[in-house]
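Following: one structure in structure tokens, then a few remarks.
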Amino acid sequence: MQVTRRAGLTAAEAAARLAADGPNALPAGSGRNWLRLARDNAREPMFLLLVGGGILYLILGELHEGLFLFAMVGVTVGLTLYQEHKTERALEALRRLGTPRALVIRDGVTGHIDSAEVVCGDLLVVAEGDRIVADATLFEGNEVEADESLLTGESQPVRKIPANAADPSAAVPGGDDLPFLYAG
């Protein structure tokens, strides 16, 4: 189905593309539970060295030193697991907070949707200060400038011109007088 500039995608076409291509989002968190965190920590060289030292103490007959070393290893592993679990939860909360909404045209109607639901072919409507939720091509706009500092390192915003006035062979990332907008 063709996308018209005025109407955008139909809701059915957008749903089909979302099902086929998946959401416009970063993969979910690592999904590391307590067991996986413990297994990952058990593979750390320092952990293995301390356990080996505790075993060596027990073999040499130093029961108190061996048990004390194992107790301290247990405390250290417990604190590490607690901190890593808190970090995983904080990162997941940041992912949820960092999900912007996008203004799109679908079925000829302008409406806000979650950025994860933006699909290839959607017509995005952006205004001054908006965050671009997906890579896009500018079709209409006057005096458009975009901050591409994350992509190019340039500290100044770059001018953007609509696609119909640009040379399509000049499709290089970043720079002035190109129709390409980049996520972020």
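The table for this structure:
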read-out	value
Loop-resident sites, segment 48-93, for GluC sites (Glu not before Pro), counting at most 16 other Cβ within 10 Å (DSSP)	Glu62
Neighbour-limited loop hits for trypsin sites (Lys or Arg not before Pro), segment 76-151 (at most 14 other Cβ within 10 Å; DSSP other than H, G, I, E, B)	Arg131
Semi-axis lengths (Å, descending) of the ellipsoid that matches the C-alpha gyration tensor of segment 33-162	56, 17, 11
Cα-projected label distance for His85 with Asp21, points at 7 Å along beta-carbon direction, nm	4.0
Solvent-accessible area of Met46 with every protein chain in place, 1.4 Å probe, in Å² to the nearest 10	120
FRET efficiency, Met46 to Ser149 (Cβ-Cβ, R0 45 Å, nearest 0.05)	0.70
Nearest-10 value in Å² for the accessible area of Ser149, using the 1.4 Å probe	50
Amide hydrogen neighbours beyond the local backbone of Val144, cut-off 5 Å, H modeled	Lys160
Spin-label pair Asp177/Leu94, simplified geometry with 7 Å Cα→Cβ offset, distance in nm	4.0
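The values are calculated or read from the model by the stated rules, or taken from the named source; none is laboratory data. None of the values given here were measured: they were computed from a predicted structure. All Cβ positions, even for glycine, are placed from backbone atoms using ideal geometry, and neighbour counts span all protein chains on display. These area figures cover heavy atoms from the full protein model, side chains too; ligands, DNA and RNA do not enter into them. Shrake-Rupley method; radii C 1.70, N 1.55, O 1.52, S 1.80 Å.
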